[in-house]
Amino acid sequence: MIPSTICDPRLHFSRRRLLGAGAGGAMLTAIANQLAFADEVAKTDPHQRKNVILLWMEGGPSQLETFDPHAGTKYGGDVKAIPTSVKGIEFADTLPRTAERMHLGTLIRSMTSKEGDHQRAVYNIKTGWRPDPTLVHPAIGAVLCDEFRETLDIPRHVSIVPGQWPAKGGYLGPIYDAFKMGDPNSPVPDLKARVDAARMEQRLAGLDFLESQFRRGRLSDLDQNRTLHESSTKAALRMMSSEQIDAFDVSGETAATLDAFGDTPFGRGCLAATRLIEAGVRCVEVNLNGWDSHINNHSLQSSACETLDPALAALLDRLEERDMLKNTLVVCGGEFGRTPTINPAGGRDHWPHGFSMFLAGCGIRRGFAYGETSADPIVDSSDPKFSPTVNIDKPVTVGDLHATIFKCLGVEYDREIETPVGRPLVRVEGEPIEAILA
């Protein structure tokens, strides 16, 4: 609790100004310390803590079959456009339940990137950077967990039913890699000892002896900065005995709740995500595969939407009902979109030149659509009039998306940091989209 003698620091001097007050700064040490304490409380107070749930549509969802239909046009495909809860904004008829929740968030229809290969594009969207052979960048959840460090018995960065490329800690270290788990319908593996309690205690005693021998003659920071062996072991043991692991278990939820999210691993993952956020987890990534529709586009996209629609709608409802949406950012999207043209196999190919992202909560404007794509786009890259943004109004770069996300989460998006090898690097190359911020 913040001491009652402290008024709102936002109304007076910033902590940085107080600490930089020069020779007279010594007189302000007590006040500066109190403000620092207040800052820390704001970072860790569960009522103020900012969190993110990333619904990752691996494979590249088609904007035309989801959030940006151009029904009845040359490239519209077989979907119909349906109204949403916001006048003038339409979704494809594949997302009827989500359409009824459009008033809770913002739809970006003008995303653009420079990556059209799955692996490179996933890296780009998840980290905000294009792949670089000299450096591995951290994902959003890793940055958030590094920025606001708290003690929790369970991992603070979680990936549920992860795909091929789950979120990584990058240069921040493997300690920030997402903890991977499967369908929440099954228990988290390896949390129960395979021997009785007495034998387990005996094994741990032997492990302590080996650890003490291992530490002899080693660098003092070996475990923290290099092997992570002892700290990882202790963290695993804490998790095994913690009541916080119940957050992973959705079996105790009512049948009505489980049904609302959908009887799928992804639906249960979205439900588990809300439980994990309530338990103190900072970032949960829930993966839904099946969007890579080079053949039978309409069938594959419709099938994936059948899984996404109830889960996303129920997720937004639960967060809103529990007053969690104001501090939890929901991001739904994939690595790119699909081509306007339909190929001879009835599929749509990779298209990074105008795709959609849905965001809600945590300072995002409600009931708003930003940007648009042309209903009659120039699709031939050999056309002299073609450019990556020729078919887009108000293009949004991947860097802009990340800057917006970080601003919502209270992370200094424009701060220059130093990587472990001493390389100075701005956190993200982009600017927040002010128009979509509340």
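The Cα-based radius of gyration of the range 152-191, divided by its Kirkwood radius, gives an Rg/Rh of 0.99.
Element breakdown for the range 276-423 at a 1.4 angstrom probe: carbon and sulfur atoms account for 47% of the accessible area. Taking a straight Cα-Cα cut-off under 13 Å and skipping sequence neighbours fewer than 8 places away in the same chain, the aspartates and glutamates within cross-link reach of residue 168 are 146, 177, 285.
With the whole protein complex present, residue 85 retains an accessible surface near 60 Å², based on a 1.4 Å probe. Scanning residues 5 or more positions from residue 350 or on other chains, those with amide H under 5 Å from its amide H are 339, with H placed 1.01 Å from N in the peptide plane. How large a share of the accessible area of the range 42-189, in percent, is made up of carbon and sulfur atoms when the probe is 1.4 Å and the other protein chains stay in place? In the range 42-189, the share of accessible area belonging to carbon and sulfur is 52 percent. Pairs 74/114; 126/180; 80/126; 126/385; 50/394; 114/394: which exceed 19 Å Cα-Cα? Result: 74/114; 80/126; 126/385; 50/394 exceed 19 Å.
Note that the range 412-421 has calculated 3J(HN,Hα) couplings of 6, 5, 9, 6, 7, 10, 10, 6, x, 8 Hz, one per residue in order, obtained from phi through the Karplus relation 6.51 cos²θ - 1.76 cosθ + 1.60 (θ = phi - 60°); glycine and proline are x. Solvent exposure of the range 72-111, expressed per residue, is 45 Å² of accessible area, with all protein chains present and a 1.4 angstrom probe. Accessible area per residue for the range 355-438, computed on protein heavy atoms with a 1.4 Å probe, is 47 Å².
Would you work out which of 387, 370, 353 lies farthest towards the positive end of the dipole of the range 336-411, given +1 charges on the beta-carbon of Lys and Arg and -1 on that of Asp and Glu, about the Cα centre? Farthest along the dipole direction, towards plus: 370.
In a fully extended conformation the segment linking residue 81 and residue 259 would gain 61.5 nm over its present Cα-Cα distance, using 0.36 nm per residue. Note on residue 156: accessible area is roughly 30 Å² with a 1.4 Å probe, heavy atoms of protein only.
Put 245, 436 in order of accessible area, highest first, and with a 1.4 Å probe you get 245, 436. Ligands, DNA and RNA aside, residue 179 has an accessible area near 60 Å² when probed at 1.4 Å.
Basic side chains Lys and Arg get +1 at the Cβ, acidic Asp and Glu get -1 at the Cβ, and with that the dipole of the range 349-438 about its Cα centre reaches some 360 debye.
One decimal place: the segment residue 425-residue 201 gains 76.0 nm when fully extended, by the rule 0.36 nm per residue minus the C-alpha distance.
Legend: residues 385, 180, sorted from most to least accessible area (1.4 Å probe; ligands, DNA and RNA excluded), read 385, 180.
Return the loop-located GluC sites (Glu not before Pro) in the range 70-167 (DSSP other than H, G, I, E, B) with at most 15 other Cβ atoms within 10 Å of their own Cβ; answer none if there are none. Don't jump to the answer; show the numbers that get you there.
Working: sites: 90, 100, 115, 147, 150; in loops: 100, 115, 150.
Passing both the DSSP loop test and the Cβ count: 150.
Modelled spin labels at residue 242 and residue 437, positioned 7 Å past Cα toward Cβ, are 3.2 nm from each other. A crude spin-label estimate for the pair residue 149 and residue 296, with each label 7 Å from Cα along the Cβ direction, gives 5.0 nm. Residues 137, 70, 294 ordered from highest to lowest accessible area at a 1.4 Å probe: 294, 70, 137.
Need one word for the range 129-171: rounded, prolate or oblate. Basis is the Cα gyration tensor (sqrt eigenvalues a ≥ b ≥ c); a/c below 1.5 gives rounded, then a/b vs b/c decides. Oblate, because a/c is 1.5 or more while a/b does not exceed b/c.
In order along the range 331-346, phi translates into HN-Hα couplings of 10, 10, x, x, 6, 6, x, 10, 4, x, 6, 9, 7, x, 8, x Hz, rounded to whole numbers, per the Karplus curve 6.51 cos²θ - 1.76 cosθ + 1.60 with θ = phi - 60° and x for Gly and Pro.
The values are calculated or read from the model by the stated rules, or taken from the named source; none is laboratory data. The structure displayed is predicted, hence computed values, not measured ones. A quick note on method: Cβ atoms are made from the backbone with ideal geometry, for glycine too, and the neighbour counts reach across all protein chains shown. These area figures cover heavy atoms from the full protein model, side chains too; ligands, DNA and RNA do not enter into them. Shrake-Rupley method; radii C 1.70, N 1.55, O 1.52, S 1.80 Å.
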